[in-house]
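A short worksheet on the structure shown next.
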Amino acid sequence: MKRNVFTILSLLLCTAVLTCCKPVAAAVGDGPIPFEVARNYFFKNNQQIPASPKISTQEQFSQLFGMATTMGPEGKPTDIDFSKQFVLAVVLPPTDITTEIHPQRVEVKGDSLFYSYDVSLGEQQSFRSQPLSIIILDRDYEGKQVVLVCNQDESSAAALNGK
């Protein structure tokens, strides 16, 4: 009798665990997907802005970007594991206007990956800098075509284009 009760309780426990737990690898479907913002990198001066924002290998990434390590706990560049991840990098032309790129969301729609970001402009600087934003995504989405969606007002667009 005790053995039957133990067996039934074990089966109920297993069923409860299997019912409440999410699968480890979710199917890739339409909708928003998570990303991480990579910090403390710079675009190398001797490189041309890539035609595609998608970077899939450490070699390709290292050719375009350098580490900008600073003091303190937040000063280490974000780790990127290219065996499990890839990045989307938005690099703008050098400018003397304070320019920030703010990633907003990444969504899958069919065979496309829509990356929406905002660009904000500030004051004129006495030096030129090259604005960039790098986000890290799971390799499950690497095969998708990337569509960049830049959200900015007309005055920001004109300033970025030198008008």
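The values are calculated or read from the model by the stated rules, or taken from the named source; none is laboratory data. Everything quoted here is computed from the prediction, not taken from an experiment. All Cβ positions, glycine included, derive from the backbone under ideal geometry; neighbour counts span all protein chains shown.
Checked against (1) within 13 Å of residue 132 (Cα to Cα); (2) at pLDDT below 95; (3) not in a loop (DSSP other than H, G, I, E, B), residue 50 passes all but condition (3).
Taking the stretch 69-110 as the range and being at pLDDT 95 or above, over 12 Å from the mean Cα position of the chain (by Cα) and polar (S, T, N, Q) as the test, the residues that pass are 83, 95, 98, 99.
Screening 82, 86, 127 for residues that are aromatic (Phe, Trp, Tyr), surrounded by fewer than 19 Cβ atoms within 10 Å (Cβ to Cβ) and assigned to a strand (DSSP E or B) leaves exactly one candidate, 127.
Rundown of residues vs (1) closer than 25 Å to residue 140 by Cβ; (2) aromatic (Phe, Trp, Tyr), yes/no style:
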residue: 47; (1), (2): no, no
residue: 61; (1), (2): yes, yes
residue: 71; (1), (2): no, no
residue: 83; (1), (2): yes, no
residue: 88; (1), (2): yes, no
